[in-house]
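Below: one structure, written as structure tokens.
The values are calculated or read from the model by the stated rules, or taken from the named source; none is laboratory data. Since we're looking at a predicted model, the values are computed, not measured. Here the Cβ positions follow ideal geometry from the backbone for every residue, glycine too, while neighbour counts run over all protein chains shown.
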Amino acid sequence: QLCDIGFIGLGVMGKNLVLNLADNGYTIAAFDLDHEKVKEAIAQDQLENKSDAQRVVGCFSYTELLSKLKAPHLIVLSVPAGDPVDQVSASLIGAGIQPDDIVIDTGNSLWVDTVAREEKYKNNFILFSSAVSGGEEGARFGPSLMPSGSPYAWTRIKPIWEAIAAKVDPKTGKPLERTQPGQVIEGGDPCAAYIGPAGAGHYVKMVHNGIEYADMQIICEAYHVLRSGLGLSTDEIADIFEKWNKGPLDSYLMEISVEVLRHKTEEVPLVDLILDKAGQKGTGLWTAVSSLEVGAPAPTIAQAVYARSISSFKSLREQASVALQGPAIKAYSEEEKTAFISDLHDAIYCAKICAYAQGFQLMKLAEKEHGWKLDFASIAKIWRAGCIIRAVFLQSITEAFERDDELENLILDEFFAKQLSDYQQPWRKAIANITLMGIPAGALSSSLSYYDSMRTAVLPANLLQGQRDFFGAHTFERVDKAKGKKYHVQWATQDREIVKI
Ligand code: 6PG
């Protein structure tokens, strides 16, 4: 009996995707260079498989994998981004893969690499990409999937992807929970939608991760302020986050933060024992770089990347903590604490709106630059469940783009504009107090600066243009003259204006 799908790479994500596919009725030929992982995947499937039929067939070479698949072959890769994708591709070519076979890269590949790979392998096989978000649990019980590439390949992949993806209740926009092996959700909107041509899906996943960085950093800054500024215990902070998680801040990242904060090891909160040096694999950095390249302001996302970089300078920070002065620590009354916590909630909410606004505007500018046609309501929809940034809030973003699919920036949507206007005052108070506490909160405060920059009709770029013209004759336009006309002043003599067209 030949299998429906070939699977290469049985690490945590791979193994769980295999079990998810099996739950949805597909048979899988599974391969990993590490044969122990093949055996583990089979053992896990045998543990969970309630039927008599064999769902996962172990393979121990690329040739064996191809021989156990229905033709044309459909192969899913779950290998680290970068060279491993090319190494596996070369091995598949060596094993005899055919031009009408489809290979799906589910890793976090850099989007330009995906574009180049599709071209490079087009005579050998069809390279399709579909980033997966949701970590181990998402892979097992329903991830968010961002497929892109050949439309022909998508017609084959679509039913499979829609089956394994997370599902959302179409009426409420809330995730339909699937938590048990063997459980399958019938109906519901699947968190899998075709994004566009090669590279578009990986670009969208990259921006998802940039937003993920910002969202995580915003929560971490709130934790820092509550712990070091107000002196609250980890359990008290977990209680606050738990309460916040029932309102507009309801999100997976808030939920897991509560669990991390509550975790104790021998009575000690584990978070107090975790070294404060953040790792990163590159997707946040790529998002920040891309925002600079396409000229989309994304300061909250960039700040989140910088915050991780600064955290890595542990010994420098330790030296500076002794050498450099901060403000004296103030004692807060219970009343002041309560008011501050309420302001902080609103600050997080507004900063979060700005971070998402930045991510979506970035995708909008990238869309123009690369000639894609992205459906932003659909992107917001597939992020409502399954992925790491899943949140109640994504339903409001979906509705904003459904109201206006040409929306230039989320902060101009009627709902979000009202939210920002309503909560900007407590946001400012929170930032002012955090600044006086001397606690770093780059994501929370740069969002406020982004908000204020965006709502300022006249920025000091007039002086900046004057400075540029002074030292480099870079010219400027005038608000009182025809648009597009360039002017230059002989600054040394101040007596002549030269008009350039
Ligand atoms: C997801 C995550 C996933 C991965 C990040 C981690 O959507 O499931 O984003 O892709 O956990 O890439 O990134 P860092 O290691 O850079 O934090």
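Here are the numbers:
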item: Unmet criterion (only one of (1) more than 16 Å from the ligand (Cβ to nearest atom); (2) part of a loop (DSSP other than H, G, I, E, B); (3) in contact with a helix residue (DSSP H, G or I) (Cβ under 9 Å, 6 or more places away or on another chain); (4) of a type outside the set (A, V, I, L, M, F, W, C)) for GLN280; result: (1)
item: Odd one out for VAL225 among (1) closer than 30 Å to SER130 by Cα; (2) of a type in the set (Val, Ile, Thr); (3) crowded, with 20+ Cβ neighbours inside 10 Å; result: (1)
item: Residue within the range 32-42 that is of a type outside the set (Gly, Ala, Ser) and buried (at least 22 other Cβ atoms within 10 Å of the Cβ) present; result: yes
item: Selection status of LEU261, more than 30 Å from MET146 (Cβ to Cβ), in contact with a strand residue (DSSP E or B) (Cβ under 8 Å, 6 or more places away or on another chain) and either away from the ligand (no atom under 16 Å from the Cβ) or not aliphatic (A, V, I, L, M) (or both); result: yes
item: Sole exception among (1) more than 16 Å from the ligand (Cβ to nearest atom); (2) assigned to a strand (DSSP E or B) for ALA131, by number; result: (1)
item: Any hit, the range 197-214, residues being in contact (Cβ under 8 Å) with a residue 60 or more places away in the chain, part of a loop (DSSP other than H, G, I, E, B) and surrounded by fewer than 24 Cβ atoms within 10 Å (Cβ to Cβ); result: yes
item: All helices (runs of 4 or more DSSP H) inside the range 348-440 with 3 or more residues being touching a Leu at 6+ places or on another chain (Cβ under 7 Å); result: 393-403, 414-437
item: Leading residue by the ranking (nearest to the chain's Cα centre (by Cα)) among those in the range 94-110 that are buried (at least 18 other Cβ atoms within 10 Å of the Cβ) and away from the ligand (no atom under 14 Å from the Cβ); result: ILE104
item: Residues within the range 116-134 that are within 20 Å of the chain's Cα centre (by Cα) and either surrounded by fewer than 21 Cβ atoms within 10 Å (Cβ to Cβ) or at pLDDT below 95 (or both), tallied; result: 0
item: Candidate set: the range 382-397, residues that are closer than 15 Å to LEU410 by Cβ and buried (at least 19 other Cβ atoms within 10 Å of the Cβ); chosen: the one farthest from the ligand (Cβ to nearest atom); result: SER396
item: Subset of the range 215-244 (residues that are in contact (Cβ under 8 Å) with a residue 12 or more places away in the chain, closer than 19 Å to TYR349 by Cα and either away from the ligand (no atom under 16 Å from the Cβ) or among the hydroxyl-bearing types (Ser, Thr, Tyr) (or both)); result: GLU221, ALA222, TYR223, HIS224, VAL225, LEU226, ILE237, ALA238, ILE240, PHE241, GLU242, TRP244
item: Residues located in the range 418-466, provided they are closer than 18 Å to LYS337 by Cβ, of a type in the set (A, V, I, L, M) and without any contact (Cβ under 8 Å) to a residue 40 or more places away in the chain; result: ALA432
item: Conditions (1) under 22 Å from THR179 (Cβ atoms); (2) touching a residue at least 40 places away in the same chain (Cβ under 8 Å); (3) surrounded by fewer than 22 Cβ atoms within 10 Å (Cβ to Cβ); number of the one not met by LEU47; result: (2)
item: Test: residue in the range 286-296 that is more than 16 Å from the ligand (Cβ to nearest atom), over 29 Å from LEU436 (Cα atoms), β-branched (Val, Ile, Thr) and part of a helix (DSSP H, G or I); result: yes
item: Residue check for TRP161: within 18 Å of the chain's Cα centre (by Cα) and surrounded by 15 or more Cβ atoms within 10 Å (Cβ to Cβ); result: no
item: Any pair with Cβ under 7 angstrom, 6 or more apart, that starts in the range 320-337 at a residue that is assigned by TED's automatic domain parsing to the domain that holds LEU226 and ends at one that is surrounded by 10 or more Cβ atoms within 10 Å (Cβ to Cβ); result: GLY326/GLY438; PRO327/LEU436; PRO327/MET437; PRO327/GLY438; TYR332/LEU230; TYR332/PHE340; LYS337/LEU230
